[in-house]
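K.L.:
Pasting a structure below so you can have a look.
Nothing in this text is a laboratory measurement; each read-out follows from the coordinates by a stated rule. Since we're looking at a predicted model, the values are computed, not measured. Positions of Cβ are generated from backbone atoms using ideal geometry, with glycine treated the same way; all protein chains shown enter the neighbour counts.
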Amino acid sequence: MKLWTKKYQPTKLKDVQAHEKAIYDLKDYVVNYKFQKKKAALIYGPTGSGKTCSVYALAKESDLEVVEMNASSFRNKDNINEIIGGSIGQASLFNKGKIILIDEVDGLSGMKDRGGVQALVTLLSKSSFPIILTANDPWQSKLSSLRMKCKMIEFQTLSYISIFNVLRKIATLEKVRVHDDILKKIATSVGGDLRAAISDLQTLSSGKKVIVKEDLEVLGERNKKENIFEALKIILKSKDADVVLGSLDNLDENFDEVFLWLDENLPIEYKNNLDLARGFNYLSKADIFRGRIRRWQHWRFLVYERVFLTVGIALSKDKKYFGFQRYKRTQRILKYWKAKMKYAQRNSIAEKIAMKIHSSSKKVLRDELPYFKIIFKNNGQDIAKELDLDEKEIAWFNK
């Protein structure tokens, strides 16, 4: 049985979902290669966003051969010179133009022979054919010299609506009956990976023509928890509202900590003072709604908090900031933790006293605890027994 990811791979650029600007830049680069100042294009974006299939669709439209190789298979710089050097100097097997496609070029940085990147940079200027490199993350410092030689073309994370449209089209062509809600569930579960979504649809429809909600259990819980650094990159780098809005959906982090991360890293990314001011303005608005949710339990305000944290901050900048930024782990969380540890025994004692004297722990901390500390010096054993203090709490009194 043919994989649907291959069966429905786009054969024309117009069939590639979204990425209008990226597709235009890619086509312009290949068609007008002779006039390009940079002899390679680096297309980058998350897995399953359409980078490789766009190259093949362009080649088919332009009647070009694709010579594909994976950068992760290059062992050293001599290997690169041998494989790529041979390709850029040979004519097409079919007497027509060709595109040299080097996939996963960020895999080069994992080579023990660090001369690999420089070897590739040297070869780029010698090619008579368009060289297209792909990467998920091209902003590694080891790839800086490569970036300088390439035309950078970004493929952004696909929105779930774009993925849903593809799934619905495939379901229709395959005569599979499935409700739109189920297709949307698949589309939102893959984190922008269209290939994964198509594979899931094929898995669910295997051996039958009707998919019901219960069938989704077959897929299990997809491990798409993103770390905070990925979420920050999406919010602070992108200006696509659809992409940014879902950046926190699969994040294994609570919103309180997201505030602290954004507060720490906004000044690192937003160099323009006006962009930074607008970004902090939206962060503060999100904080206002967070306070209202806590005070009044109005959970419907959560949607506003999320929009301000994501789309608000993302669209605060006039234009995208390119280049790699090393985001910092927020220092406030560490400070809160240290403070919590420092006052853990004191707070625990206050709660025990509050229960005995029928007061609030806050009032005990403010009014009564200093007196208990004085009394403890003279009658510590009785107080320790009455409050059921542990060794650390007793030690706090004796400090």
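K.L.:
So for the chain, Kirkwood radius off the Cα pairs, Stokes-Einstein at 25 °C and 0.890 mPa s: how many µm² s⁻¹? Working shown, then result.
P.N.:
Details: Rh = 25.4 Å.
The diffusion coefficient I find is 97 µm²/s.
K.L.:
Which residue fluctuates most in the GNM of the chain (Cα springs below 10 Å): Lys328, Lys151, Lys356?
P.N.:
Among Lys328, Lys151, Lys356, the largest mean-square fluctuation in the Gaussian network model of the chain belongs to Lys356.
K.L.:
Here's a follow-up. If eta is 1.306 mPa s and T is 10 °C, what Stokes-Einstein diffusion coefficient results for the stretch 1-47, Kirkwood Rh from Cα pairs, in µm²/s? Mind dumping the intermediate values first?
P.N.:
Numbers: Rh = 12.8 Å.
So the translational diffusion coefficient is about 124 µm²/s.
K.L.:
Follow-up. Mind jotting down a quarter of the surface of the convex hull over the alpha carbons of the stretch 343-397, in square nanometres, one decimal?
P.N.:
On the way: hull surface 13.0 nm².
Averaged projected area of the stretch 343-397's Cα convex hull equals 3.3 nm².
K.L.:
Stokes-Einstein D for the stretch 137-295 at 10 °C, 1.306 mPa s, Kirkwood Rh over Cα pairs, in µm²/s?
P.N.:
86
K.L.:
A further question on this structure: In a Gaussian network model over the chain where Cα atoms closer than 10 Å are linked, find which of Ile153, Ile349, Ile293 has the largest mean-square fluctuation.
P.N.:
Ile349
K.L.:
Give or take rounding to whole Å, what are the principal axis extents of the alpha carbon atoms in the stretch 32-72, in descending order?
P.N.:
For the stretch 32-72, the Cα spread along each principal axis is 30, 23, 18 Å.
K.L.:
Let's test the formula: R0 of 30 Å, r as the Cβ-Cβ distance of Tyr321 and Tyr24. What FRET efficiency results, to the nearest 0.05?
P.N.:
Working: r = 22 Å, r/R0 = 0.73.
So the FRET efficiency works out to roughly 0.85.
K.L.:
Another question, if that's okay. Report the paramagnetic label zone for Lys14: residues of the stretch 34-58 whose backbone N is under 20 Å from a point 7 Å from Cα along the Cα-to-Cβ axis.
P.N.:
Output list for this probe position: 53-58.
K.L.:
Quick one: work out Rg over Rh on the C-alpha atoms of the stretch 160-219, Rh as Kirkwood radius.
P.N.:
Details: Rg = 10.0 Å, Rh = 11.1 Å.
My calculation puts Rg/Rh at 0.90.
K.L.:
Quickly work out the Ser144-to-Arg300 label distance, labels modelled 7 Å from Cα along the C-beta direction, and quote it in nm with one decimal.
P.N.:
In this crude label model, Arg300 to Ser144 measures out at 5.2 nm.
K.L.:
What is the distance in Å between the Cα centres of the stretch 57-72 and the stretch 1-36?
P.N.:
Result: 10 Å between the Cα centres.
K.L.:
Provide the FRET efficiency to the nearest 0.05 for the Arg168-Asp263 pair, computing r from the beta carbons and using R0 = 41 Å. Could the numbers behind the result be given before it?
P.N.:
Values: r = 40 Å, r/R0 = 0.99.
After rounding to 0.05, the efficiency reads 0.50.
K.L.:
Take the Cβ-Cβ distance between Glu65 and Lys175 as r, set R0 to 35 Å, and report the resulting FRET efficiency rounded to the nearest 0.05. Mind showing how you got there, number by number?
P.N.:
Details: r = 35 Å, r/R0 = 1.00.
The formula returns an efficiency of 0.50 here.
K.L.:
Name the most mobile residue of Asp388, Asp181, Asp256, meaning the one with the largest mean-square fluctuation, in a Gaussian network model of the chain with Cα contacts below 10 Å.
P.N.:
Top of the fluctuation ranking is Asp388.
K.L.:
Beyond 21 Å, what share of the Cα-Cα pairs of the stretch 228-337 is found? Please give it as a whole percent. Walk me through the intermediate numbers first.
P.N.:
Details: 1850 of 5995 pairs.
Above the 21 Å cut-off, the stretch 228-337 has 31 percent of its Cα pairs.
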